[in-house]
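The values are calculated or read from the model by the stated rules, or taken from the named source; none is laboratory data. As the structure is a prediction and not an experimental result, all values here were calculated from the model. Don't worry about glycine lacking a Cβ; one is built from the backbone with ideal geometry, like all the others, and counts go over all protein chains shown.
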Amino acid sequence: MSKTHNERQKARYQKFKDRYYKYVHCSMCGSQPIVYHHVNGEKEGNVAQLWSHKAETIRKEFLKCIPLCAGCHMIAHSMKTKKEWNKKYGIRT
């Protein structure tokens, strides 16, 4: 049975993600697995939920993010402001 366009696109995204995750570590502590924290620009959506979008849309969203482990991601969101967090960790926006 042939795959639908949506299934093929999801499979391509999964393949890309699997390759990418091998080389990406948390920007703060160096651990894995990671989530993507938006630091630049307006958020179009969660990277994990964009699998059905064009590759260019996904790439643009990746460029707005930094990789963080779940623990560091929680710390980032617990800071009073994103500006405060960016300043503490030297993130330039």
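For the range 61-74: of the residues being part of a helix (DSSP H, G or I) and in contact (Cβ under 8 Å) with a residue 12 or more places away in the chain, which is nearest to Tyr21 (Cα to Cα)?
Applying the first criterion (part of a helix (DSSP H, G or I)) to the range 61-74 yields 61-63, 70-74.
Now restrict to residues that are in contact (Cβ under 8 Å) with a residue 12 or more places away in the chain: 61-63, 70-73.
Values: Glu61: 16, Phe62: 12, Leu63: 15, Ala70: 14, Gly71: 17, Cys72: 17, His73: 16 Å.
If we take residues in the range 61-74 being part of a helix (DSSP H, G or I) and in contact (Cβ under 8 Å) with a residue 12 or more places away in the chain, then Phe62 is nearest to Tyr21 (Cα to Cα).
Inside the range 4-30, can you point out the residues that are touching a residue at least 40 places away in the same chain (Cβ under 8 Å) and under 21 Å from Ala76 (Cβ atoms)?
Val24, His25, Cys26, Ser27, Met28, Cys29, listed by residue number.
Can you spot a residue in the range 22-29 that is out of contact with any Pro (no Cβ under 9 Å at 6 or more places or on another chain), outside any loop (DSSP other than H, G, I, E, B) and on the phi < 0 side of the Ramachandran plot?
yes
Does the range 45-54 hold any residues that are surrounded by fewer than 12 Cβ atoms within 10 Å (Cβ to Cβ) and assigned to a helix (DSSP H, G or I), and which are they?
Those that are surrounded by fewer than 12 Cβ atoms within 10 Å (Cβ to Cβ) and assigned to a helix (DSSP H, G or I): Ala48, Gln49.
Okay, residues lined up against (1) among the β-branched types (Val, Ile, Thr); (2) at pLDDT 75 or above; (3) surrounded by fewer than 15 Cβ atoms within 10 Å (Cβ to Cβ):
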{"residue": "Met28", "(1), (2), (3)": "no, yes, no"}
{"residue": "Glu42", "(1), (2), (3)": "no, yes, yes"}
{"residue": "Leu63", "(1), (2), (3)": "no, yes, yes"}
{"residue": "Pro67", "(1), (2), (3)": "no, yes, no"}
{"residue": "Ile75", "(1), (2), (3)": "yes, yes, no"}
{"residue": "Ser78", "(1), (2), (3)": "no, yes, yes"}
{"residue": "Glu84", "(1), (2), (3)": "no, no, yes"}
